[in-house]
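See structure below.
The values are calculated or read from the model by the stated rules, or taken from the named source; none is laboratory data. All figures in this text were calculated on a predicted structure; none of them were measured in a lab. Note: ideal-geometry Cβ built from the backbone for every residue, glycine included; neighbour counts use all protein chains shown. Accessible surface areas use protein heavy atoms only, side chains included; no ligands, DNA or RNA. Shrake-Rupley method; radii C 1.70, N 1.55, O 1.52, S 1.80 Å.
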Amino acid sequence: MAVRPRIPFVRQVLVLQVGVVVVVASLGYGLVAWMLDDELRDQYGQRALTVARSVAADPAVAAAVEAGDPGRTVQPRAERVRARTGALFVVVTDEHGMRYSHPTPGELGRRVSTDPSEALAGREVVRVERGTLGLSARGKVPLYGPGGAVLGEVSVGFDARSIDRELSRALRDLGLFIAGALLLGVLASAAIGRRLKRQTLGLEPYELVELVQEREAVLHGVGEGVLAVDPAGRVAVCNVEAARLLGVAPERGAPAAGLAGDGALREVLTGRRAAGDLFVTAGERVLVVNRREVRHDGRDLGAVITLRDRTDLETLARELDSVRTLFDALRAQRHEYANRLHTLSGLIQLGHHEEAAAYMGTLMEDSGGRPPESVSLPDPLPDPYLQAFLSAKAAVAAEKGVRLVIGAGSYVPGRVAEPLDVTTVVGNLVDNAVEAARLGARRPARAEVELLGDGRDLHVTVTDSGDGVPDGLREAVFTDGVSTRDGAAGRPRGLGLGLARRTARARGGDVTLAGPDAPGGADGAGAEAGAVVVARLPGVLGAEAAR
């Protein structure tokens with residue numbers, strides 16, 4: 001049994017996704033803040049460096065420093081530049097680092113508070129330093145005289161608090177963006193959680209695992225074939241028994257229509273026909289098919305089709321019918337012979353010995369000299385299988401009041417090599433013909449079978465004295481479930497002709513209705529003339545038949 005978590009899976013997903021969004025947003029915020037601070041400091045430093053270069057390029061400033069006259073030229077010019085650029089200070093020094101300009105007049109003539117050696121050495125410097133006016137981003141450049149000699153330095157600085165204020169504004173805007181992204185991520189996570197819950201039908205992962213395990217146990221543990229199709233008609237689930245009954249192991253997602261040929265089974269698989277204990281044929285099997293549509297909360301989830309094999313049961317039922325018919329025949333004969341024995345016993349008891357002897361002689365002549373009327377097997381059917389099979393069919397037909405005869409044109413040299421296919425085709429055609437003759441209006445009821453061997457092929461023609469099949473059912477009678485007779489005692493109808501045709505076609509032959517208005521009483525009723533059904537079975541006779 002799976003362990004059930006205290007927190008639902010959807011909520012766990014929501015918390016995890018929100019946590020990931022928060023962590024990513026925080027890391028992104030910190031990274032952007034660090035990069036933005038570094039970028040702003042560099043920008044302010046480059047700005048200070050640019051202003052310092054412009055001051056150092058002023059010839060008047062260089063001349064005043066060279067002449068040692070800071071008061072009347074350098075200080076006023078430096079202050080004007082500071083006022084225009086918004087700098088914190090613009091300081092000009094001589095080669096010893098003594099100030100010639102400063103925002104605070106009291107600092108004039110004093111040495112600068114930071115090291116001027118790099119600028120005095122002819123190198124430009126950009127850095128953030130703390131001086132007499134506080135922390136600032138400053139740029140320092142050398143001041144050259146007319147001859148190219150370094151006369152001093154020009155240092156320009158911007159208040160670091162301005163950097164902080166601009167960084168704060170940028171981070172505030174970034175914070176609003178991050179907050180919006182975080183809110184959007186939370187909403188998206190919640191939406192994903194709800195969608196996940198809908199797609200899993202509100203089930204937790206451990207419940208899905210249990211369902212899969214139970215499904216596998218049920219699907220492969222039941223004796224029925226189970227086939228599930230999705231709303232698009234594709235195979236979703238097929239257990240081993242269903243694959244065996246259908247004769248094919250479909251891949252997941254394969255079209256269900258390709259699992260069966262034209263007929264009732266294909267219509268059920270594709271959803272064009274409802275099925276509740278519907279008898280169909282698949283190859284040589286008789287199946288009971290059910291189809292149930294599956295819906296959940298108004299959603300179409302497809303259908304589940306169950307298949308039960310009734311082939312053995314149908315065979316046993318046919319055999320039971322034959323045994324019951326023979327039993328009734330034997331019981332009738334028992335009554336007949338009991339009556340004859342009673343007559344003979346009465347003659348003896350009354351002393352009519354001569355009459356008893358004559359009566360016994362009559363009985364002996366009747367039993368030994370009269371040929372059976374149920375069937376006449378011509379000599380050109382030497383195969384013992386065909387003789388026994390048709391003799392049994394003739395006996396069954398006779399008990400139903402139908403005379404089954406073998407056509408005079410029958411000729412089958414050699415022996416049957418494929419008795420199962422012959423039984424399936426000939427047996428179904430004869431059974432249907434006998435039933436059609438029994439139910440027909442014409443009397444005496446009669447069915448005729450004519451068999452002709454052609455090499456290893458067997459040609460079969462079955463006629464009956466029944467009422468025939470309507471023109472509109474000439475082809476439909478070969479479809480599973482189509483019959484003009486009602487099923488007796490729940491027995492399915494409309495399977496025999498379809499099974500016979502599929503068996504013949506599997507060998508490259510066919511079963512058809514012959515004649516323009518001889519539609520076939522087999523498995524149906526209909527036209528005025530009887531039915532003529534023709535079958536061709538290639539390769540069912542032994543090799544000696546071809547010689």
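Of note:
- Counting the residues of the range 99-120 that are modelled with pLDDT under 85, surrounded by 14 or more Cβ atoms within 10 Å (Cβ to Cβ) and polar (S, T, N, Q) gives 2.
- Residue within the range 67-81 that is open to solvent by less than 60 Å² (accessible area, probe 1.4 Å), charged (D, E, K, R) and within 60 Å of the chain's Cα centre (by Cα) present: no
- Enumeration of residues in the range 268-300 that are over 13 Å from GLY233 (Cβ atoms), open to solvent by 20 Å² or more (accessible area, probe 1.4 Å) and in contact with a strand residue (DSSP E or B) (Cβ under 7 Å, 6 or more places away or on another chain): ALA274, GLY276, ASP277, LEU278, PHE279, ARG285, ARG292, VAL294, ARG295
- Restricting the range 28-53 to residues that are of a type in the set (Gly, Ala, Ser) and surrounded by 15 or more Cβ atoms within 10 Å (Cβ to Cβ), the residue that is nearest to ARG123 (Cα to Cα): ALA52
- In the range 112-126, the residues that are at positive phi form Cβ pairs under 7 Å with partners that are not polar (S, T, N, Q), at six or more places apart or across chains, as follows: GLY122/PRO142; GLY122/VAL150.
- Test: VAL21 is surrounded by 18 or more Cβ atoms within 10 Å (Cβ to Cβ), of a type outside the set (Gly, Ala, Ser), under 60 Å from the mean Cα position of the chain (by Cα) and not in a strand (DSSP E or B): yes
- If only residues of the range 398-426 that are part of a helix (DSSP H, G or I) and at pLDDT 85 or above are counted, the one that is farthest from ASP510 (Cα to Cα) is VAL426.
- The range 234-267: number of residues that are part of a helix (DSSP H, G or I), open to solvent by 40 Å² or more (accessible area, probe 1.4 Å) and closer than 15 Å to ALA282 by Cα: 5
- Among residues that are under 29 Å from ASP421 (Cβ atoms) and either of a type in the set (Val, Ile, Thr) or surrounded by fewer than 14 Cβ atoms within 10 Å (Cβ to Cβ) (or both), VAL304 is not included.
- Residue match in the range 157-176 (condition: at pLDDT below 80, hydroxyl-bearing (Ser, Thr, Tyr) and within 44 Å of the chain's Cα centre (by Cα)): no
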